[in-house]
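Structure, as C-alpha cells:
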Amino acid sequence: MKTFISRTVIVFYLLVVSAAYTAHSHADTGSGKAKFTKHFNESLFKITDNGMFSIEILLDEKEYKIGKNVIGIVIHNAHDEDVEGADLKIISLLPKGQVNTESPVVKDKGGGLYTVSNMNINKEGHWELKISIKKKKMEDSAVFSFPDALKLRKQAGKYEAGSK
C-alpha cells in the first residue's frame, strides 16, 4: 500500500512539473510577434510582407567581406535563425518603359548568407527591388524602393514583424 501511494505521489508530482514546464515554455513573451535581428548599420533591412523572414542587404564591404562587385543578402526566419538552402528570386522593377537586362546570380554561402552578382544596385531614378524567398512550404517577399531605401536605413538591433 505504501508503494502504491508513493508511486501515485511521484506520478502526480511529475504531471505538475510537466504542466508547469509546458506553460512556461509556451508563454507569450510580449507582443507575440516575431522578432528579427538587423546585424549591420550600413545595410538595408526589411521584414517580409507576411512576417516569415527578414532580409538584410549588405551593399558593400564596409562591414562584412562579401567580395567585389557583389551584394550580400542575409535571411532569417521568424525564429531569428539563419535560413539556408532557400530559393531566392530577385527582380528589379524599373519604371514603365525601361527594360531590365540583368540576370542576378544567387549563391548560397551558408549561415543564412547569399551573394548576388550581376546586379547593379546603384541605378539612377526611382526603381524597386523585389526579393522573394521560398523555403519548403513557406514563401514570402519584400520590396525595397530606391533611392528611398538608401536614405531610410535602420540601426542594427531587434525589430518586430509589422513594425515600420
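The values are calculated or read from the model by the stated rules, or taken from the named source; none is laboratory data. Keep in mind it's a predicted model, so treat the numbers as computed, not measured. As a convention, Cβ positions derive from the backbone with ideal geometry for all residues, glycine included, and neighbour counts pool all protein chains shown. To get the accessible areas, we keep the full protein, side chains included, count just its heavy atoms, and leave off ligands, DNA and RNA. Shrake-Rupley method; radii C 1.70, N 1.55, O 1.52, S 1.80 Å.
Brief remarks follow.
- The range 65-78 residues that are among the charged types (D, E, K, R), paired with ones that are part of a loop (DSSP other than H, G, I, E, B) and open to solvent by 20 Å² or more (accessible area, probe 1.4 Å) (beta carbon under 9 Å, 6 or more apart): Lys68/Glu61
- Yes/no for Glu81 being open to solvent by 70 Å² or more (accessible area, probe 1.4 Å), at pLDDT below 90 and of a type in the set (D, E, K, R): no
- Cβ-Cβ under 6 Å pairs, at least 6 apart or on other chains, the range 38-57 side without any contact (Cβ under 8 Å) to a residue 60 or more places away in the chain, far side outside any strand (DSSP E or B): Glu56/Ser43
- Each residue in the range 94-114 was checked for being farther than 18 Å from Asp80 by Cα, assigned to a loop (DSSP other than H, G, I, E, B) and at pLDDT 90 or above, and 1 pass.
- Subset tally (residues that are β-branched (Val, Ile, Thr), within 21 Å of Asn118 (Cβ to Cβ) and within 12 Å of the chain's Cα centre (by Cα)) for the range 73-104: 3
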